[in-house]
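Notes to accompany the following structure.
The values are calculated or read from the model by the stated rules, or taken from the named source; none is laboratory data. Values in this document were obtained by computation on a predicted structure and should not be read as measured data. Glycine gets a Cβ as well: all are built from the backbone with ideal geometry, and neighbour counts include every protein chain shown. These accessible areas exclude ligands, DNA and RNA; they are computed on the full protein's heavy atoms, side chains included. Shrake-Rupley method; radii C 1.70, N 1.55, O 1.52, S 1.80 Å.
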Amino acid sequence: LLVLWGLCSMGCGLVETWRQFWAMRFFLGVAEGGVWPAVLILLAHWFPRPERARANAYWMLCLPVAVVVSSPLSGWILGRWNWRVLLIAEGALPFVWLVIWLMFVDDHPHQARWISDDERDHLANVLGRESQVLEAPRSEAFWKALLRPQVLVLVVVYFLTNTGNYGYLFWLPTALENARKMSSQRVGVLFAIPYL
């Protein structure tokens, strides 16, 4: 997914027509859509339940931190070159992360060479006990479960949160640039402030 994500992002910088751009953005969304659940599964393989919420919270912090770090850099690239260079350069970053990932991240503790045998055994025992006592699946039908009021409320909240975030992501840089005719780099710095 990481490689596909990077390739699709770089492909967005190479498109020539709006149809090509839509296709690349679609494939970029498909690649990006699998990253979140994959990381949640990875965290479940490594962290016992009492520590998993904190691990998930740290993972979720990567989103605003990425905006804080990348916005000024994106503004600088955009001001110095153009949007094509921006998309290609930022599409290359997952390949740098891939090297780090392959060197240091393992799917399960028993695969990790960088932890001691005692730590590895402890994690394997704790996670093994937890998996044995998982709650039995309910007999409730899948569609019936999706229509539960709690699920519908969460769907609405998630939809509104994403709508607001995407509106903010697309609207604010343009509004800042048009309001004061600022440089792309300054817009990038100002854009990062709310996330900071």
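Points worth noting:
- Condition check for residue 112 on (1) surrounded by 10 or more Cβ atoms within 10 Å (Cβ to Cβ); (2) more than 30 Å from residue 64 (Cβ to Cβ); (3) not polar (S, T, N, Q): one failure, at (2).
- Some residue of region 163-170 being hydroxyl-bearing (Ser, Thr, Tyr), under 18 Å from the mean Cα position of the chain (by Cα) and open to solvent by 70 Å² or more (accessible area, probe 1.4 Å): yes
- Per-region count, region 62-95, residues open to solvent by 90 Å² or more (accessible area, probe 1.4 Å) and assigned to a helix (DSSP H, G or I): 6
- Test: residue in region 86-109 that is over 22 Å from residue 187 (Cα atoms) and in contact with a Pro (Cβ under 8 Å, 6 or more places away or on another chain): no
- Meets criteria (in contact (Cβ under 8 Å) with a residue 40 or more places away in the chain, surrounded by 12 or more Cβ atoms within 10 Å (Cβ to Cβ) and either of a type in the set (Lys, Arg) or within 24 Å of residue 41 (Cα to Cα) (or both)) for residue 127: yes
- Only a single item in (1) loosely packed, with under 13 Cβ neighbours inside 10 Å; (2) not in a loop (DSSP other than H, G, I, E, B) is not met by residue 107, and it is number (2).
- Sub-6 Å Cβ pairs linking a first residue in region 173-196 that is buried (at least 18 other Cβ atoms within 10 Å of the Cβ) to a second residue that is part of a helix (DSSP H, G or I) and charged (D, E, K, R), at least 6 apart or interchain, are 187/177, ordered by first then second residue.
- Evaluation of residue 101 against (1) more than 19 Å from the chain's Cα centre (by Cα); (2) loosely packed, with under 13 Cβ neighbours inside 10 Å (one fails), failing number: (1)
- Residues of region 12-61 satisfying the condition of being loosely packed, with under 14 Cβ neighbours inside 10 Å, charged (D, E, K, R) and under 30 Å from residue 83 (Cα atoms): 16, 19
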